[in-house]
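The values are calculated or read from the model by the stated rules, or taken from the named source; none is laboratory data. Fair warning: this is a prediction, and the values are worked out from it, not measured in the lab. Cβ atoms come from the backbone with ideal geometry, glycine included; neighbour counts cover every protein chain shown.
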Amino acid sequence: MTLSARQTTDLESVNQSMLARGTKKRNYGRSFEGPGRQQHKQERRFHFDGMDTVRYWYEPWLRAFEGLKPDEFLQAAERWIVDAWGVQDEEPYGSKEPRQGRFNERDWALASASQGSIPTIEHHRTYLEWHAMWCAAGEILKTHRIAKPEYGDDNAVQELISWKKLSVPGIWLADLVGPRPLERERWRARVREPQSDDHISDERFLAELISSSRPGFIVVDAYIQAQWARRREDVSIHSALVSRDTAPALLRALQTVEDSSDYYLCPEDHHLEIHEVDYTLLGWVKHPDGDSGFDEKDVYGNAIGGVQCAPGKRVTERLRLEREFGTGCVRWARRGELEPVFIYEAWGQRQRDERHSHYGGDGASRGHRLLVRGDQLAAFLSAEPYDLIVEVGVSQRDEEQRPYTYDEEKGQEGTFDRLFLLRADGRIETAERGVGSWHKNS
């Protein structure tokens with residue numbers, strides 16, 4: 001789609017103030033509390049929820065604009081609800097619920113906007129207050145200057161808007177929910193391996209690293225949880241680029257660290273990257289802000305959060321990658337090609353299903369992972385002076401739960417960590433030996 005210059009200008013002007021920036025900083029003392037507020041509340045044509053809506057949704061806007069009075073904001077919101085939308089607020093105040101029969105009283109917590117949260121079930125009153133807030137803010141943007149930035153060039157209005165955007169701009173979070181991967185360990189509780197000196201086999205770790213459900217792909221970043229009736233297992237995977245000549249030394253050094261939390265294979269541009277002449281450790285994937293946005297309470301989002309990891313700038317530019325949203329995944333392919341180079345998968349279960357599984361269901365699994373195609377990883381590493389170091393962590397915990405109580409007795413626990421070096425020529429090495437290959441041409 002091609003936009004005209006006028007259309008581009010119009011879109012860039014959305015939610016932007018045409019007034020000069022204010023000269024006064026945000027006034028954090030301004031609020032809807034104080035003398036005379038109760039009287040004004042009784043005189044209003046619409047009675048707003050003073051506990052949550054006014055205090056947590058509306059009050060931040062008072063600090064975003066210069067000289068904005070509390071009554072001004074409420075009057076603007078009230079005009080939209082009463083005059084524009086024709087709502088008549090009658091006792092009991094707060095707008096009668098026209099769909100009362102559709103709500104179960106036992107789900108009252110799902111309709112709560114406590115402390116400014118976005119409810120899963122939206123009652124009519126909440127619906128009116130929410131949309132009136134945005135309409136009022138849009139009106140005030142034309143008449144009041146935005147408060148002076150406290151730090152740098154921040155914009156108080158854009159900051160408030162950013163908190164209420166979609167988790168992943170351009171797509172609903174629910175559209176990124178994919179099926180649970182087909183690996184056996186994602187569907188059935190793994191039989192605990194016989195432990196010997198706090199050790200589990202390399203085959204167990206490699207099963208997480210080399211995907212059996214997507215042949216030819218390697219997992220380079222992941223966090224996966226599995227919850228069974230009395231068993232929980234967490235799997236984490238991190239990776240980084242390391243100088244080829246000194247990679248074995250780093251591998252041996254890190255594998256001897258007793259606590260894996262003492263080091264970190266960091267994402268791209270992290271402050272823990274190492275830039276030395278003969279010794280380099282660089283992140284190559286990025287961890288975007290994964291906090292959920294406006295769609296965080298969408299029950300069809302299965303609590304997966306935003307996109308937790310993605311290819312970094314270095315590999316994106318080297319392989320000329322372009323992102324596209326697939327069905328239940330995000331894919332990055334070379335420009336002009338259809339077959340993906342990277343695939344991001346995320347899956348989960350709805351909250352009620354997970355509560356059921358905790359008390360003896362078929363098992364719940366949630367997580368995310370970033371996979372890269374083996375031949376493309378080989379091409380990338382061959383063009384760079386680096387190999388790829390990968391950390392695979394497995395944490396296992398058995399729990400005994402007493403019937404009808406929330407008391408849990410800790411059973412067996414184990415945390416295991418293994419480092420692998422993926423050589424550019426396709427070999428896989430550990431600190432002690434070679435353990436096979438990750439690319440079929442090796």
(message) Where the second residue is modelled with pLDDT of 90 or more and among the acidic types (Asp, Glu) and the first is crowded, with 17+ Cβ neighbours inside 10 Å and lies in segment 110-136, which pairs have Cβ atoms under 6 Å and are six or more apart or on separate chains?
(response) none
(message) Testing ILE200 on (1) modelled with pLDDT under 85; (2) touching a strand residue (DSSP E or B) at 6+ places or on another chain (Cβ under 6 Å); (3) surrounded by fewer than 17 Cβ atoms within 10 Å (Cβ to Cβ), one condition comes back false. Which one is that?
(response) (3)
(request) Tell me which of these SER243 doesn't satisfy, since it passes every other one: (1) farther than 18 Å from GLU429 by Cα; (2) among the hydroxyl-bearing types (Ser, Thr, Tyr); (3) over 26 Å from the mean Cα position of the chain (by Cα). (result) (1)
(request) Could you check, for segment 230-247, whether at least one of its residues is assigned to a helix (DSSP H, G or I), in the same structural domain as VAL341 (by TED's automatic domain parsing) and farther than 18 Å from HIS368 by Cα? (result) yes
(request) Specify which of the listed residues (VAL242, VAL235) is closer than 18 Å to SER365 by Cβ, surrounded by 17 or more Cβ atoms within 10 Å (Cβ to Cβ) and at pLDDT 90 or above. (result) VAL235
(request) Go through segment 208-235 residue by residue and tally those that are without any contact (Cβ under 8 Å) to a residue 40 or more places away in the chain and either closer than 17 Å to GLY426 by Cα or among the charged types (D, E, K, R) (or both). (result) 1
(request) Check LEU128 against each of (1) under 29 Å from the mean Cα position of the chain (by Cα); (2) assigned to a helix (DSSP H, G or I); (3) at pLDDT below 90 and name the one condition it does not meet. (result) (3)
(request) State which residue pairs qualify: first residue part of a strand (DSSP E or B) and inside segment 305-321, second residue basic (Lys, Arg) in any location, beta carbons under 6 Å apart, and separation of 6 or more residues or different chains. (result) ALA310/LYS286
(request) Filter segment 326-349 for residues that are under 24 Å from ARG186 (Cα atoms) and assigned to a strand (DSSP E or B) and give the result. (result) GLY326, CYS329, VAL330, ARG331, PRO340, VAL341, PHE342, ILE343, TYR344, GLU345, ALA346, TRP347
(message) Go through (1) in contact with a Cys (Cβ under 9 Å, 6 or more places away or on another chain); (2) assigned to a loop (DSSP other than H, G, I, E, B); (3) over 30 Å from GLN349 (Cα atoms) for PRO288 and report which single condition fails.
(response) (3)
(message) Suppose we keep only residues that are among the aliphatic types (A, V, I, L, M) and modelled with pLDDT of 95 or more within segment 210-232. Which one would you say is nearest to GLY348 (Cα to Cα)?
(response) ALA222
(message) Being at pLDDT 95 or above and touching a helix residue (DSSP H, G or I) at 6+ places or on another chain (Cβ under 9 Å): is that true of LEU388 here?
(response) yes
(request) Give the residue that is surrounded by the most Cβ atoms within 10 Å (Cβ to Cβ), with candidates limited to residues of segment 15-62 that are modelled with pLDDT under 85 and aliphatic (A, V, I, L, M). (result) LEU19
(message) Looking only at residues that are within 30 Å of TRP172 (Cα to Cα) and of a type in the set (Ser, Thr, Tyr) in segment 263-301, which one is surrounded by the most Cβ atoms within 10 Å (Cβ to Cβ)?
(response) SER292
